[in-house]
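Readers should treat all values here as calculations from the given coordinates under stated rules, not as data from a laboratory. Given the structure is predicted, the values throughout are model-derived calculations rather than measurements. Backbone-built Cβ (ideal geometry, glycine too); neighbour counts: all protein chains shown.
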Amino acid sequence: MMMDRPAGTQIFERSDGHSFAYRLLGPKPREGGPTPLVMITGLSAVGLVDWAPLDEDLAKERPVLVFDNRLIGWSTATKEAANKPYTMSDMARDTSDLVVHALSSPSRVAICGFSMGGMIAGELLCLPDRPFEITHAFMTATSAKAAHSDLLSALPQPKSDGSALTDAEKRRVTEEWNRMMYHPAWLEDPANADRFKLRVDTALATRRPMATIQRQLQCIAKYDARKRLVSVPSSTRVLIIHGERDRAVFYSELPHLRKALPHAEVEPLPDRIKQMGHFWYDYDHDWPGVFRRFLEEPKAKL
């Protein structure tokens, strides 16, 4: 059974036929108030629900914008718009348009990009006509180029006879996909069983068309922002978060991102967190404190 649209969901209908579902959490944005945070999620993800509970925790201190990328979750399009090809840069423009609409043309925002969302964030940082300043960027479990990954081995495959998957088969492949997001010790800890089940149940109860996921994969395969990212000014503070046991975006992608963004900082993680997998925000750590420190503390002098 598909879940109902989350409370507070709004729809931004763009003139080109795309409609984007979003939620604005926390205090109302105001000039001089806390910098709004825009959270950009990744491959196959539904931003309205998959950021939980981190988005709600972060919204206790500042406005937080979460949304569904094009053609997934509660974001829809006309048939004509849906059939047009698109790129990672197009998804960055989706995000820019939505920020202007949902936050009433803000002068500045902070962004958090996760996985493919980090690639969208990278393109957003490079947009020449972006109508707002990005003061801070969290680049999490992501890359500056098409990433090396184990994910393709877990993609659901069509059945040889062409029939649809049964409910039991859908659950099995969804569990397999989600297991790729954690390292074995996390999965074996009974304390995490409910969180894992919730991730699987949520994935099964939300609209994640395989056709959209395949198109997102095509965008990832063509992505390489290394030459463009070096133009991001040092006035935009960048924090990288990446676990060493990430199978969706290998940890070996980190040097490429650091080279492209030489002024970026890397979050120093305690030993028990360094070994985290792809879904970093499901690991028991003071993530709101990490965001608060980086957004509010002055930049350290070199």
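Miscellaneous remarks
- Paramagnetic reach from Arg5 (point 7 Å along Cα→Cβ, amide N under 13 Å) across segment 53-80: 68, 73-77
- Counting other Cβ atoms within 10 Å as a rough exposure proxy, the listed residues Asp284, Asp4 run Asp4, Asp284 from fewest neighbours to most.
- Reachable aspartates and glutamates from Lys197, criterion Cα separation under 19 angstrom, eight or more residues apart if same chain: Asp4, Asp50, Asp167, Glu169, Glu175, Glu176, Glu188, Asp189, Asp282, Asp284
- Candidates Asp286, Asp161, Asp55: whichever shows maximal mean-square fluctuation once the chain is modelled as a Gaussian network with Cα springs under 10 Å: Asp161
- 37 °C / 0.692 mPa s Stokes-Einstein diffusion coefficient of segment 78-224, Kirkwood radius on C-alpha pairs, µm²/s: 185 µm²/s
- Think of it as helices only: each DSSP H run of n ≥ 4 in the chain is worth -39500 (n - 2.57), and spread over all residues that comes to -9500 deg cm²/dmol at 222 nm.
- Greater than 30 Å apart at Cα, pairs in Lys79/Lys170; Lys60/Lys145; Lys84/Lys259; Lys60/Lys227: Lys60/Lys145; Lys84/Lys259; Lys60/Lys227
- Label sites at Lys79 and Glu31, each approximated as a point 7 angstrom past Cα along Cα to Cβ, lie 4.7 nm apart.
- Computed over the chain with a Gaussian network model linking Cα atoms closer than 10 Å, the most mobile of Ser107, Ser15, Ser163 is Ser163.
- Part-to-part distance (alpha-carbon centres) for segment 32-66 and segment 109-124, which is given in Å: 12 Å
- Rounded to 5, the percent of DSSP beta bridges in the chain classed as antiparallel: 35 percent
- Ranked by how many other Cβ atoms sit within 10 Å of their own Cβ, fewest first, the residues Cys126, Cys219 fall in the order Cys126, Cys219.
- Note on Arg207/Glu169: beta-carbon distance plugged into 1/(1 + (r/R0)^6) with R0 of 25 Å gives a FRET efficiency of 0.85.
- DSSP H segments from the chain that extend 15 Å or more along their own axis, Cα-based, with Kyte-Doolittle mean of 0.0 or above: 116-126, 210-221
- Whether the chain is rounded, prolate or oblate, judged on the alpha carbon gyration tensor where a/c under 1.5 counts as rounded: rounded
- The fraction of Cα-Cα pairs per 5 angstrom bin, counted from 0 for segment 101-178, comes to 3, 12, 16, 15, 12, 9, 10, 11, 7, 4, 1 percent, rounded to whole percents.
- Cβ-Cβ FRET estimate between His263 and Ala185, R0 fixed at 25 Å, reported to 0.05: 0.15
- Label-to-label distance, Glu61 versus Glu297, with points set 7 angstrom from Cα along the beta-carbon direction: 1.1 nm.
- Cβ-Cβ FRET estimate between Val290 and Val100, R0 fixed at 25 Å, reported to 0.05: 0.35
- Fraction of beta bridges assigned by DSSP in segment 1-116 that are antiparallel (%, nearest 5): 60 percent
- Annotation: the residues Phe250, Phe279, sorted from fewest to most other C-beta atoms within 10 Å of their own C-beta, follow the order Phe250, Phe279.
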